[in-house]
Amino acid sequence: MTVESVKMNKTMYVARSPRIAARMLGEEMLVMSAQESTLFTLNPTATILWQAADGATPLDEIVGRRICSEFEVPPEEAMRDAEALARDLANHGILLISEEPIPQPGFSPRQPAPQEAVKR
Amino acid sequence: MSVLMQEMSERALRLGVPFSVQLDLTYRCNEQCVHCYLDHDDHGEMTTVEIKRLLEEMAEAGVFILTLSGGEIFMRKDFFEILECARAFTFCVKLKTNAVLIREAQAARLRELGVQSIQISIYSHRPEVHDAITKVQGSLRRSIDAIRFLKSQGIKVIMANVLMSENMQDHHGVRRLAEELGADYTLDPTITPMMDGDRSVLKLNAGESALRELFRDEAYVGNAEEFCAPPPSPDENSMASLPCSAGHTACYVSPYGEFYPCVQFPLSCGNVRQQRFLDIWRDSAQLKEVRAIRLRDLSSCSQCAHGSTCSRCPGLAFMEGNMRGPSTLDCEKSYARTGIPSNNLLAKKNAPSVPRLVQIQVVPAIMGNRLSRLGSAVGAA
């Protein structure tokens with residue numbers, strides 16, 4: 001789904017793009033897009049949004065639970081800013097946004113590693 | 001390097017974070033390049049489980065750029081399983097490969113997994129030259145096919161052109177080939193000793209006249225007059241500068257878990273099979289020693305005209321016998337560039353032409369340092 005096709009005031013789901021590299025460095029989140037080969041740094045609000053973007057939690061819930069409480073911002077203003085931020089990150093290929101939940105890749109690095117199938 | 005990436009590297013240095021790691025997955029290879037510095041036998045590579053645990057430890061330590069290299073990475077049957085795990089930990093993954101095992105399916109999978117870039121070794125645009133270096137007939141054709149597959153997936157490809165006497169005349173041809181394929185191009189005119197210290201491959205290095213010509217080629221160096229100008233005298237800032245990122249923001253892990261400051265700096269700092277990655281990074285005595293070195297601590301180089309501009313590699317200096325000493329390969333490059341011999345080259349020229357009593361080849365690190373210090377003391381006396 002394109003960024004533009006998710007209209008304002010609809011439920012918005014956000015997910016981290018699977019083609020992104022990311023790491024916390026000090027207080028900032030570094031994000032690099034394989035698509036653009038461009039490095040970004042995310043401010044604390046964008047970092048919270050990025051970390052919470054699991055594809056299953058609606059944006060308004062992320063804003064209510066994580067952003068309003070952290071930054072003491074009125075909910076309407078926080079939601080407006082978060083939507084704009086999500087669209088901006090989506091334009092750079094960093095986030096995926098949709099009106100529907102976004103399935104995430106099944107592989108989790110924290111799952112126990114399977115026994116080796118191949119003897120080298 | 002972008003300005004932001006430079007800033008992040010500097011921040012990583014301030015925070016003591018291992019920003020960039022090269023992990024060699026195997027030393028096995030399907031090519032047998034004449035200049036290769038590796039022993040291709042498998043002496044007990046890390047298992048899939050061990051590598052996944054290491055990736056988790058590296059992510060926790062803050063590693064951002066992860067270069068997977070070898071040997072030939074696609075020789076590991078679990079390569080994509082390792083890559084999936086690395087990407088799930090959101091590393092910025094770069095690959096180094098000869099690409100002969102990359103076909104359409106592999107290229108598509110690499111794109112899906114969001115690999116940042118793939119560096120592919122190409123020695124010549126002429127099959128007879130490239131294939132003679134790799135000792136595999138048809139290898140150039142397969143590598144070029146792979147580059148086309150990767151480019152068709154929109155993946156960034158860098159063609160790495162290592163230059164030696166065998167292919168010194170072909171770099172313009174390789175560069176044109178890179179342009180035609182839509183790949184980036186990088187050139188390296190240095191053949192390094194084997195990791196076990198054997199220096200016999202150095203005979204393949206391009207000679208001084210070839211280097212001199214290369215360093216005046218504005219296609220590579222920009223303004224040749226500026227590039228080859230006599231170096232400014234080292235000032236206080238350069239005396240306090242770090243030799244390179246090895247051990248400061250970057251390090252290397254071998255297929256056997258050995259932890260070195262850099263792939264070209266085989267000073268063992270620990271083994272990730274026995275210690276946690278972050279514990280080695282923080283506590284290794286060897287790494288602390290490497291980190292303490294500044295230009296002013298280098299006995300010969302701090303007094304040398306090239307001190308502030310030389311590309312001196314501390315790893316090559318270490319392999320020559322002393323991590324605080326000069327790297328003759330870099331002295332030769334500085335000389336080819338400027339026509340001004342380094343202190344080290346002058347000392348070698350003035351040395352009596354008697355057979356060397358000490359052949360510093362496979363001498364262990366500590367012994368190498370002792371010999372070198374002994375040599376300095378004798379010289380001063």
Worksheet item: With point charges of +1 on the Cβ of Lys and Arg and -1 on the Cβ of Asp and Glu, referenced to the Cα centre of chain B, which listed residue (B:Y260, B:H171, B:Q153) lies farthest in the positive direction of the dipole?
Response: B:Y260
Worksheet, complete the sentence: Stretched fully, the stretch from B:V49 through B:D145 gains (0.36 nm per residue minus C-alpha distance, one decimal, in nm) 31.3 nm
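Over all residues in A:14-21, what is the mean tally of Cβ atoms on other chains that come within 10 Å of each residue's Cβ?
Working: counts 0, 0, 1, 1, 6, 7, 4, 14.
Mean shielding count: 4.
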Worksheet, complete the sentence: Here, B:D235 and B:R176, labelled 7 Å along Cα→Cβ, have an inter-label distance in nm of 4.4
Worksheet, complete the sentence: Total charge of the residues flanking A:G93 in space, meaning their Cβ is under 12 Å from its Cβ, with Lys and Arg +1 and Asp and Glu -1, is 0
Response to the item:
Diffing the range B:262-278: the Karplus 3J(HN,Hα) column from phi (6.51, -1.76, 1.60, θ = phi - 60°), in whole Hz with x for Gly and Pro, holds 6, 4, 9, 9, x, 9, 5, 10, x, 9, 5, 6, 10, 10, 5, 3, 5
Response to the item:
In the neighbourhood of B:M239 defined by beta carbon distances under 11 Å, the net charge of the other residues (Lys, Arg +1; Asp, Glu -1) is -1
Worksheet item: What average number of partner chain Cβ atoms lie no more than 10 Å from the Cβ of the residues making up B:39-48?
Response: 2
Worksheet, complete the sentence: Note on the protein assembly as shown: alpha-carbon gyration tensor, axes a ≥ b ≥ c; rule is a/c under 1.5 for rounded, else prolate if a/b larger than b/c, else oblate; result prolate
Worksheet entry | In Hz, Karplus ³J(HN,Hα) per residue of the range A:68-77 (6.51, -1.76, 1.60; θ = phi - 60°; x = Gly, Pro) | 4, 5, 6, 10, 6, 10, x, x, 5, 5
Response to the item:
For chain B, the dipole about the Cα centre with charges only on Cβ (Lys and Arg +1, Asp and Glu -1), to the nearest 20 debye, works out at 380
Item to complete: Note down the magnitude of the dipole of the protein assembly as shown about its Cα centre, charges +1 on Lys and Arg C-beta and -1 on Asp and Glu C-beta and zero elsewhere, to the nearest 20 debye.
Response: 1260
Worksheet entry | Overall form of the range B:194-239 per C-alpha gyration tensor (a/c, 1.5; a/b vs b/c) | oblate
Item to complete: May I ask you to evaluate 6.51 cos²θ - 1.76 cosθ + 1.60, the Karplus curve with θ = phi - 60°, for each residue of the range B:59-65 and list the ³J(HN,Hα) values in order in whole Hz, giving x for glycine and proline?
Response: 5, 5, 6, x, 4, 10, 8
Item to complete: Scan around B:G257 for amide H atoms under 5 Å from its own, H built in the peptide plane at 1.01 Å from N, and keep only partners 5 or more places away or cross-chain.
Response: B:M46
Item to complete: Could you pull out every residue, at least 5 positions away or on a different chain, whose amide H is within less than 5 Å of the one on B:Y37? Hs are placed 1.01 Å off N in the peptide plane, and Pro or chain starts have none.
Response: none
Worksheet item: So for A:M29, B:M58, B:M319, fewest C-beta neighbours within 10 Å to most, what's the order?
Response: A:M29, B:M58, B:M319
Response to the item:
Which residues qualify? For A:M24, with a placed amide H closer than 5 Å and at least 5 residues away or on another chain, they are A:L30
Worksheet item: Taking the Cα centre of the range B:1-91 as the origin, how large is its charge dipole in debye, to the nearest 20, when only Lys and Arg (+1) and Asp and Glu (-1) carry charge on their Cβ atoms?
Response: 320
Discussion item. Taking 22 Å as R0, compute the FRET efficiency from the Cβ-Cβ separation of B:N223 and B:D184 and round it to 0.05.
Written reply: 0.55
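None of the figures in this text is laboratory data; all of them are computed from the coordinates on show. Since the model is a prediction, treat every value here as computed from it, not as a measurement. Positions of Cβ are backbone-derived with ideal geometry, glycine not excepted, and every protein chain shown enters the neighbour counts.
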